[in-house]
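The values are calculated or read from the model by the stated rules, or taken from the named source; none is laboratory data. As the structure is a prediction and not an experimental result, all values here were calculated from the model. Note: ideal-geometry Cβ built from the backbone for every residue, glycine included; neighbour counts use all protein chains shown.
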Amino acid sequence: ELPHVSLCVVTDDFQAPAKRVLPHRFWTYTSTSANSGLSLKGNIDDWGRIKFRPRILRDVETVDTRTSILGHRTMYPFYVSAMGTMGNVHEEAEYEMIRGFVKRGLHGVISTASTKPIEGIMDCFVEEQGRLNNASPSTLFYQLYLPTSREKAATLIKKVKAAGYKGLWITVDTPVLGKRTADRVLQAREALAMGLEQDRNPERPPASENAFAPAYGGRVTPGMLSASTTWEDLGWIRELWQGPIVLKGVQCAEDAKLAMQYGCEGILLSNHGGRQLHTAPSALMTLLEIRTYCPEVFGKLEVFVDGGLRDGADVLKAICLGARAVGVGRPFLWALAAYGSRGVERCADSRSIPYGH
Ligand code: FNR
């Protein structure tokens, strides 16, 4: 018996129920991080490290949380981050996630590694929007892992465009997969268990031939993301995609400046939820660095941040420091896992300041 969804009042409250319902393997996949977890810990801790300087005796009778993301208005300055294979946590996968966040008028980014097909996700989205007739509708963006061949990339980008996604968020921090320690431990355990079983049953293939045996060369699955991608590739991507482009995974001021020079519409300061580079800077650190070394960036493109944002206070700090909006990942995934779309709605509520209050 899970606690009633209404008992989840802060985003962290979704973690325990998700852990209870998810098979151990998928719990590990969603919660894992690079190496010893310092990047992930830094993401969470850093938001608590900076403090507000509250001003008093100002008229705050009415506050307004509205903003726009790449020209698409939204009630709240946060959106649902790109997360792959939602089918691992809910059988209706991205469809169920959409049913939840569209009810709250949130925007969302769909991952290249989605369980459901690009067009099916858009159909589900359009249907939900139509049914709700929301005064502040949601928008769907697409997160791109650039395939290794240009031909495959062109086919994918054309598909995304034809389906009607409103922006391309190109993930640039994953030329090789991070060392996800918890995943590796689990896989090593499984391989070992199979090996032990094999001792008893000589008919079974050796553990090393099993798909779950640890076989880490470092590269991500071929075809998912091209490791030879450079700034120059933005040129031909631009020819295929005329809509806005956001670079997801910018982690220093120099690259923020380059993104500006290459005409990107946005950058997302992110270390991939602490899953990629060990001791990567948190988005907050990168945000502060950009404010110091190239503040002109904020006037030229939209700056987004993600990683470890768990509370309205975190979101507000990011906005105060110049971010346009923030992405939230794991809390939404855990809410989906435990409670489906109702959980996703509830998760959105648990961080938001009701408009006009
Ligand atoms: C991710 N993230 C991610 N990013 C991306 O560009 N493509 C993807 O397919 C995925 N998949 C994915 C799966 C899971 C299980 C997680 C937890 C994360 C990273 C994601 O977009 C985002 O950067 C972080 O999740 C934000 O950090 P928090 O909010 O999870 O702390």
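Remark: residue 111 matches the filter, which requires a residue to be in contact with a Phe, Trp or Tyr (Cβ under 9 Å, 6 or more places away or on another chain) and polar (S, T, N, Q). Go through region 66-104 and give me each residue that's among the small types (Gly, Ala, Ser), without any contact (Cβ under 8 Å) to a residue 60 or more places away in the chain and within 14 Å of residue 341 (Cβ to Cβ). Correct list: 93 only. If the condition is being within 12 Å of the ligand (Cβ to nearest atom), part of a loop (DSSP other than H, G, I, E, B) and touching a strand residue (DSSP E or B) at 6+ places or on another chain (Cβ under 8 Å), then region 93-122 contributes 111, 112.
Surrounded by 14 or more Cβ atoms within 10 Å (Cβ to Cβ) and in contact with a helix residue (DSSP H, G or I) (Cβ under 8 Å, 6 or more places away or on another chain): does that describe residue 7? No.
The set of residues in region 82-96 that are surrounded by 24 or more Cβ atoms within 10 Å (Cβ to Cβ) and closer than 15 Å to residue 327 by Cα comprises 82, 83.
Counting only residues that are more than 10 Å from the ligand (Cβ to nearest atom), within 18 Å of the chain's Cα centre (by Cα) and closer than 18 Å to residue 46 by Cα, region 244-264 holds 2 of them. Given 68, 31, which one is under 18 Å from residue 331 (Cα atoms) and among the hydroxyl-bearing types (Ser, Thr, Tyr)? Result: 31 is the single residue among 68, 31 that is under 18 Å from residue 331 (Cα atoms) and among the hydroxyl-bearing types (Ser, Thr, Tyr). Note on region 290-310: among residues that are in a loop (DSSP other than H, G, I, E, B) and within 14 Å of the ligand (Cβ to nearest atom), the one that is surrounded by the most Cβ atoms within 10 Å (Cβ to Cβ) is 307.
Among the residues of region 97-117, those that are buried (at least 20 other Cβ atoms within 10 Å of the Cβ) and hydrophobic (A, V, I, L, M, F, W, C) comprise 97, 98, 101, 102, 106, 109, 110.
Quick grid of which residues meet (1) of a type in the set (Asp, Glu); (2) over 16 Å from the mean Cα position of the chain (by Cα):
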position: 266; (1), (2): no, no
position: 276; (1), (2): no, no
position: 286; (1), (2): no, yes
position: 297; (1), (2): no, yes
position: 302; (1), (2): yes, yes
position: 319; (1), (2): no, yes
position: 335; (1), (2): no, no
position: 341; (1), (2): no, yes
position: 349; (1), (2): yes, yes
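Of 323, 318, 280, 313, all but one fail to be touching a strand residue (DSSP E or B) at 6+ places or on another chain (Cβ under 8 Å), among the small types (Gly, Ala, Ser) and not in a loop (DSSP other than H, G, I, E, B); the exception is 318.
Here residue 127 qualifies as in a helix (DSSP H, G or I) and surrounded by fewer than 20 Cβ atoms within 10 Å (Cβ to Cβ).
I'd like to check something: does region 28-41 contain any residue that is within 14 Å of the ligand (Cβ to nearest atom) and under 26 Å from residue 300 (Cα atoms)? No, the conditions are met nowhere in region 28-41.
A residue that is within 15 Å of the ligand (Cβ to nearest atom) and of a type in the set (A, V, I, L, M) occurs nowhere in region 46-68. Among the numbered conditions (1) part of a helix (DSSP H, G or I); (2) at pLDDT 85 or above; (3) surrounded by fewer than 17 Cβ atoms within 10 Å (Cβ to Cβ); (4) in contact with a helix residue (DSSP H, G or I) (Cβ under 7 Å, 6 or more places away or on another chain), the only one that residue 231 does not meet is (1). Only one of the numbered conditions (1) at pLDDT below 95; (2) more than 16 Å from the ligand (Cβ to nearest atom); (3) farther than 21 Å from residue 321 by Cβ is violated by residue 72, and that is (1). Here region 76-92 is the region considered, the condition is being within 17 Å of residue 348 (Cα to Cα) and more than 13 Å from the ligand (Cβ to nearest atom), and the residue that is nearest to the chain's Cα centre (by Cα) is 77.
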